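Asker: Next up is a structure, given as structure tokens.
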């Protein structure tokens, strides 16, 4: 009968597996939620670095947000951005520089990203 004892233990392990998997999934979800909350808290209080809100190619962050949101009427078709930028008095070459520059600043500086989100929501 000693030969079958490991099989009985294996049966217990197999029947316990679903609960262990659920527990691992719950821990993973909790860890992800914690990381998201920590990121959100850091972002909410982040301030832009000095000089990070200076205009790029004559386009300040508020105008960039207005132009970015301006494509909503076109179903968020990004190809319409130069047209919308022109309606705000921004030449296509200036818009290209501003778009690349602001995207880089938003990625690099949480404070700029927070400020952009505030402006985008307000316009």
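Asker: Given (1) touching a residue at least 24 places away in the same chain (Cβ under 8 Å); (2) loosely packed, with under 15 Cβ neighbours inside 10 Å; (3) under 20 Å from residue 122 (Cα atoms), identify the lone condition not met by residue 48.
Answerer: Just one mismatch for residue 48, condition (2).
Asker: State all residues of the stretch 83-93 that are buried (at least 17 other Cβ atoms within 10 Å of the Cβ) and assigned to a helix (DSSP H, G or I); if no residue qualifies, say none. Give the derivation first.
Answerer: Looking only at the stretch 83-93, we keep the residues that are buried (at least 17 other Cβ atoms within 10 Å of the Cβ), and these are 84-85, 90.
Answer for the stretch 83-93, where residues must be buried (at least 17 other Cβ atoms within 10 Å of the Cβ) and assigned to a helix (DSSP H, G or I): 84, 85.
Asker: Inside the stretch 104-123, can you point out the residues that are more than 16 Å from residue 63 (Cβ to Cβ) and either not in a helix (DSSP H, G or I) or not assigned by TED's automatic domain parsing to the domain that holds residue 65 (or both)?
Answerer: Step one: of the stretch 104-123, the residues more than 16 Å from residue 63 (Cβ to Cβ) are 104, 107-111, 113-114.
Once the filter is applied, which keeps residues that are more than 16 Å from residue 63 (Cβ to Cβ) and either not in a helix (DSSP H, G or I) or not assigned by TED's automatic domain parsing to the domain that holds residue 65 (or both), the stretch 104-123 yields only 109.
Asker: Moving on to the next point. If you check 29, 65, which single one turns out to be within 30 Å of residue 97 (Cα to Cα), at pLDDT 70 or above and surrounded by 10 or more Cβ atoms within 10 Å (Cβ to Cβ)? So that I can check it myself, show each step before the final result.
Answerer: On the way: 29 fails: within 30 Å of residue 97 (Cα to Cα).
Going through 29, 65 in turn, just one is within 30 Å of residue 97 (Cα to Cα), at pLDDT 70 or above and surrounded by 10 or more Cβ atoms within 10 Å (Cβ to Cβ): 65.
The values are calculated or read from the model by the stated rules, or taken from the named source; none is laboratory data. As the structure is a computational prediction, the values presented were derived from the model and not from experiment. Ideal geometry is used to build each Cβ from the backbone, glycine not excepted, and the neighbour counts take in all protein chains shown.
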